[in-house]
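This report refers to the structure that appears directly beneath it.
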Amino acid sequence: MASSSDMGSADFESLSSTSDVELLKRAWRNEKAAPEILPYEGDLVERAKGQIELVEENIEAYVENGIDPLVVSLYQMDLDRTQFLLRSYLRVRLLKIEKFMFHSLKSEEAESRLSEQEKVFARRCADDLAKHFEESVLRKLPENYQSVLKQSLISEVDDMVPEPHLDTFVACRSKSHFTLNLYEEGESTQTEEMYRGDLYFIRYKIVKGAIESGKMDLI
(Lines give C-alpha, C1' and ligand atoms only; values in the text may rest on other atoms or scores of the structure.)
Protein backbone atom coordinates (compact mmCIF):
# COMPACT_ATOMS: atom_id res chain seq x y z
CA MET A 1 0.00 0.00 0.00
CA ALA A 2 1.37 3.43 -0.93
CA SER A 3 2.22 5.82 1.86
CA SER A 4 0.73 9.28 2.14
CA SER A 5 3.96 10.82 0.90
CA ASP A 6 4.05 8.47 -2.11
CA MET A 7 0.45 9.23 -3.02
CA GLY A 8 0.89 12.96 -2.89
CA SER A 9 4.43 13.61 -4.01
CA ALA A 10 3.70 13.77 -7.72
CA ASP A 11 0.74 16.08 -7.26
CA PHE A 12 2.61 18.36 -4.89
CA GLU A 13 5.40 18.70 -7.42
CA SER A 14 2.89 19.51 -10.16
CA LEU A 15 2.02 22.72 -8.36
CA SER A 16 5.12 23.53 -6.35
CA SER A 17 8.21 22.27 -8.08
CA THR A 18 7.42 22.97 -11.71
CA SER A 19 7.88 26.38 -13.23
CA ASP A 20 4.19 26.96 -13.98
CA VAL A 21 3.43 28.49 -10.58
CA GLU A 22 6.38 30.85 -10.92
CA LEU A 23 5.33 31.68 -14.48
CA LEU A 24 1.80 32.39 -13.26
CA LYS A 25 3.16 34.62 -10.50
CA ARG A 26 5.27 36.47 -13.07
CA ALA A 27 2.30 36.89 -15.42
CA TRP A 28 0.16 38.28 -12.56
CA ARG A 29 2.84 40.73 -11.39
CA ASN A 30 3.53 41.97 -14.90
CA GLU A 31 -0.15 42.35 -15.68
CA LYS A 32 -0.76 44.17 -12.41
CA ALA A 33 2.09 46.62 -12.94
CA ALA A 34 1.76 47.23 -16.69
CA PRO A 35 -0.31 50.25 -17.77
CA GLU A 36 -1.75 48.30 -20.72
CA ILE A 37 -3.28 44.86 -21.21
CA LEU A 38 -0.52 42.35 -21.92
CA PRO A 39 -0.90 39.39 -24.30
CA TYR A 40 -3.06 36.66 -22.76
CA GLU A 41 -1.09 33.73 -21.36
CA GLY A 42 -3.51 31.14 -22.71
CA ASP A 43 -1.32 28.02 -22.57
CA LEU A 44 -0.17 28.82 -19.05
CA VAL A 45 -3.73 29.42 -17.83
CA GLU A 46 -4.94 26.12 -19.30
CA ARG A 47 -2.06 24.20 -17.71
CA ALA A 48 -2.77 25.83 -14.34
CA LYS A 49 -6.47 24.96 -14.59
CA GLY A 50 -5.62 21.35 -15.40
CA GLN A 51 -3.21 21.09 -12.47
CA ILE A 52 -5.74 22.64 -10.10
CA GLU A 53 -8.47 20.21 -11.15
CA LEU A 54 -6.12 17.24 -10.76
CA VAL A 55 -4.96 18.22 -7.28
CA GLU A 56 -8.53 18.98 -6.16
CA GLU A 57 -9.56 15.47 -7.16
CA ASN A 58 -6.57 13.92 -5.39
CA ILE A 59 -7.12 15.91 -2.21
CA GLU A 60 -10.67 14.51 -2.06
CA ALA A 61 -9.21 11.02 -2.49
CA TYR A 62 -6.66 11.62 0.28
CA VAL A 63 -9.42 12.66 2.68
CA GLU A 64 -11.48 9.58 1.83
CA ASN A 65 -8.43 7.32 2.31
CA GLY A 66 -7.68 8.76 5.74
CA ILE A 67 -4.37 10.41 4.84
CA ASP A 68 -2.80 12.46 7.65
CA PRO A 69 -4.81 15.73 7.87
CA LEU A 70 -1.58 17.71 8.22
CA VAL A 71 -0.33 16.35 4.90
CA VAL A 72 -3.66 17.14 3.25
CA SER A 73 -3.60 20.67 4.62
CA LEU A 74 -0.17 21.28 3.08
CA TYR A 75 -1.47 20.28 -0.33
CA GLN A 76 -4.57 22.40 0.21
CA MET A 77 -2.48 25.45 1.11
CA ASP A 78 -0.42 25.10 -2.04
CA LEU A 79 -3.58 24.60 -4.09
CA ASP A 80 -5.13 27.72 -2.57
CA ARG A 81 -2.03 29.71 -3.45
CA THR A 82 -2.21 28.65 -7.09
CA GLN A 83 -5.94 29.38 -7.28
CA PHE A 84 -5.30 32.84 -5.81
CA LEU A 85 -2.66 33.60 -8.46
CA LEU A 86 -4.87 32.41 -11.30
CA ARG A 87 -7.94 34.31 -10.12
CA SER A 88 -5.91 37.46 -9.46
CA TYR A 89 -4.34 37.31 -12.93
CA LEU A 90 -7.73 36.97 -14.63
CA ARG A 91 -9.35 39.59 -12.39
CA VAL A 92 -6.77 42.31 -13.07
CA ARG A 93 -7.20 41.70 -16.81
CA LEU A 94 -10.97 42.11 -16.52
CA LEU A 95 -10.51 45.40 -14.67
CA LYS A 96 -8.27 46.67 -17.49
CA ILE A 97 -10.75 45.53 -20.12
CA GLU A 98 -13.52 47.47 -18.37
CA LYS A 99 -11.29 50.55 -18.35
CA PHE A 100 -10.02 50.26 -21.94
CA MET A 101 -12.87 48.34 -23.59
CA PHE A 102 -13.24 50.62 -26.63
CA HIS A 103 -9.49 50.85 -27.11
CA SER A 104 -9.15 47.05 -26.92
CA LEU A 105 -11.70 46.60 -29.70
CA LYS A 106 -10.57 49.37 -32.07
CA SER A 107 -7.57 47.54 -33.59
CA GLU A 108 -6.57 43.98 -34.41
CA GLU A 109 -3.33 44.32 -32.44
CA ALA A 110 -5.12 45.38 -29.25
CA GLU A 111 -7.84 42.78 -29.66
CA SER A 112 -5.29 40.02 -30.29
CA ARG A 113 -4.10 40.45 -26.70
CA LEU A 114 -7.43 39.16 -25.38
CA SER A 115 -8.69 35.61 -25.01
CA GLU A 116 -11.88 34.64 -26.82
CA GLN A 117 -13.86 34.92 -23.57
CA GLU A 118 -12.32 38.33 -22.88
CA LYS A 119 -13.27 39.53 -26.35
CA VAL A 120 -16.89 38.55 -25.69
CA PHE A 121 -16.76 40.33 -22.33
CA ALA A 122 -15.26 43.48 -23.89
CA ARG A 123 -17.90 43.59 -26.63
CA ARG A 124 -20.72 43.15 -24.14
CA CYS A 125 -19.32 45.88 -21.91
CA ALA A 126 -18.87 48.24 -24.85
CA ASP A 127 -22.37 47.55 -26.19
CA ASP A 128 -24.00 47.97 -22.77
CA LEU A 129 -22.10 51.20 -22.03
CA ALA A 130 -22.87 52.65 -25.46
CA LYS A 131 -26.55 51.79 -25.07
CA HIS A 132 -26.64 53.35 -21.60
CA PHE A 133 -25.02 56.60 -22.82
CA GLU A 134 -27.31 56.80 -25.83
CA GLU A 135 -30.47 56.30 -23.79
CA SER A 136 -29.51 58.54 -20.88
CA VAL A 137 -27.49 61.37 -22.44
CA LEU A 138 -26.46 61.27 -26.10
CA ARG A 139 -29.88 61.24 -27.76
CA LYS A 140 -30.68 64.48 -25.91
CA LEU A 141 -27.66 66.25 -27.42
CA PRO A 142 -27.33 67.85 -30.87
CA GLU A 143 -26.69 65.31 -33.61
CA ASN A 144 -23.03 66.29 -33.99
CA TYR A 145 -22.35 65.32 -30.38
CA GLN A 146 -24.07 61.94 -30.18
CA SER A 147 -20.97 59.79 -30.65
CA VAL A 148 -19.72 57.59 -27.83
CA LEU A 149 -16.20 57.63 -29.24
CA LYS A 150 -15.74 61.24 -30.38
CA GLN A 151 -16.36 64.63 -28.82
CA SER A 152 -18.04 65.65 -32.07
CA LEU A 153 -18.49 64.25 -35.56
CA ILE A 154 -15.81 66.60 -36.91
CA SER A 155 -13.15 64.96 -34.70
CA GLU A 156 -10.66 63.00 -36.78
CA VAL A 157 -9.79 60.55 -34.01
CA ASP A 158 -11.67 58.74 -31.26
CA ASP A 159 -10.80 61.36 -28.65
CA MET A 160 -13.29 60.07 -26.08
CA VAL A 161 -11.68 56.63 -25.87
CA PRO A 162 -9.41 56.10 -22.82
CA GLU A 163 -6.04 54.64 -23.80
CA PRO A 164 -3.21 53.22 -21.69
CA HIS A 165 -0.49 55.72 -20.80
CA LEU A 166 2.61 54.00 -22.15
CA ASP A 167 4.84 56.86 -20.91
CA THR A 168 4.12 55.77 -17.33
CA PHE A 169 7.27 55.07 -15.32
CA VAL A 170 7.55 51.50 -14.03
CA ALA A 171 9.94 49.58 -11.82
CA CYS A 172 11.43 46.51 -13.44
CA ARG A 173 14.21 43.95 -13.04
CA SER A 174 16.41 42.59 -15.79
CA LYS A 175 16.50 38.79 -16.10
CA SER A 176 19.52 38.71 -18.38
CA HIS A 177 22.25 40.85 -19.90
CA PHE A 178 21.11 42.57 -23.08
CA THR A 179 21.27 45.92 -24.87
CA LEU A 180 18.17 48.14 -24.72
CA ASN A 181 17.38 51.02 -27.08
CA LEU A 182 16.23 53.95 -24.96
CA TYR A 183 14.25 55.55 -27.78
CA GLU A 184 11.36 54.37 -29.86
CA GLU A 185 12.16 53.04 -33.31
CA GLY A 186 12.79 55.88 -35.75
CA GLU A 187 13.36 58.56 -33.09
CA SER A 188 17.01 58.13 -32.27
CA THR A 189 19.51 55.52 -31.16
CA GLN A 190 20.91 55.47 -27.67
CA THR A 191 21.47 52.14 -26.01
CA GLU A 192 21.95 51.03 -22.44
CA GLU A 193 23.40 47.79 -21.16
CA MET A 194 20.89 45.98 -18.93
CA TYR A 195 22.44 43.56 -16.46
CA ARG A 196 20.85 40.52 -14.88
CA GLY A 197 19.32 41.26 -11.47
CA ASP A 198 19.60 45.05 -11.73
CA LEU A 199 16.57 47.21 -10.96
CA TYR A 200 15.43 50.07 -13.19
CA PHE A 201 12.85 52.86 -13.02
CA ILE A 202 12.02 53.69 -16.60
CA ARG A 203 9.21 54.59 -19.01
CA TYR A 204 7.09 51.56 -19.80
CA LYS A 205 7.10 51.97 -23.58
CA ILE A 206 10.91 51.69 -23.60
CA VAL A 207 10.87 48.26 -21.90
CA LYS A 208 7.56 47.09 -23.37
CA GLY A 209 9.24 44.72 -25.82
CA ALA A 210 11.65 43.38 -23.19
CA ILE A 211 8.73 42.69 -20.83
CA GLU A 212 6.74 40.80 -23.45
CA SER A 213 9.79 38.81 -24.59
CA GLY A 214 10.62 37.77 -21.01
CA LYS A 215 13.92 39.64 -20.75
CA MET A 216 12.58 41.84 -17.93
CA ASP A 217 9.94 41.60 -15.22
CA LEU A 218 7.85 44.36 -13.72
CA ILE A 219 7.89 44.60 -9.95
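The values are calculated or read from the model by the stated rules, or taken from the named source; none is laboratory data. Everything numeric in this text was worked out from a predicted model, so none of it was measured. All Cβ positions, glycine included, derive from the backbone under ideal geometry; neighbour counts span all protein chains shown. Accessible surface areas use protein heavy atoms only, side chains included; no ligands, DNA or RNA. Shrake-Rupley method; radii C 1.70, N 1.55, O 1.52, S 1.80 Å.
If R0 is 30 Å, the Cβ-Cβ spacing of Gln190 and Met77 corresponds to a FRET efficiency of close to 0.05. If I take R0 = 30 Å and measure r between the Cβ atoms of Ser19 and Leu182 in this structure, what FRET efficiency does the formula 1/(1 + (r/R0)^6) give, to the nearest 0.05? Efficiency for this residue pair is about 0.45. Can you list the lysines whose alpha carbon sits under 21 Å from that of Lys140, skipping same-chain ones fewer than 8 residues off? Counting by Cα, and skipping residues close in sequence, Lys140 has these lysines nearby: Lys131, Lys150. List residues of the stretch 113-152, by number, whose backbone nitrogen lies under 16 Å from a label position 7 Å along Cα→C-beta of Lys49. It comes to 114-121, nothing else. Net length available on complete extension from Lys131 to Ser115 is 3.4 nm, with 0.36 nm assigned per residue and the Cα-Cα distance removed.
Would you work out what percent of the accessible area of the chain, with all protein chains in place, is carbon or sulfur (probe 1.4 Å)? Present the calculation step by step, with values, prior to reporting the outcome.
Values: 7010 of 13440 Å².
Result for the chain: 52 percent of the exposed heavy-atom area is carbon or sulfur.
Taking label positions 7 Å along the Cα-Cβ direction at both Asn65 and His165, the computed distance is 5.5 nm, reported to one decimal.
What number comes out for accessible area per residue over the chain if the probe is 1.4 Å? Units Å², please.
Accessible surface, normalised per residue, equals 61 Å².
Partner aspartates and glutamates whose Cα lies under 17 Å from the Cα of Lys25, excluding those fewer than 8 positions away in the same chain, are identified as Glu13, Glu41, Asp43, Glu46, Asp78, Asp80, Glu212, Asp217. What are the membrane-span-like helices in the chain by this rule: whole DSSP H runs, Cα extent along the axis at least 27 Å, mean Kyte-Doolittle hydropathy at least -1.0? Helices passing the filter in the chain: 42-64, 69-99.
Evaluated at q = 0.10, 0.19 Å⁻¹, the base-10 log of the normalised Debye intensity for the chain, with identical point scatterers placed on the Cα atoms, takes the values -0.64, -1.29.
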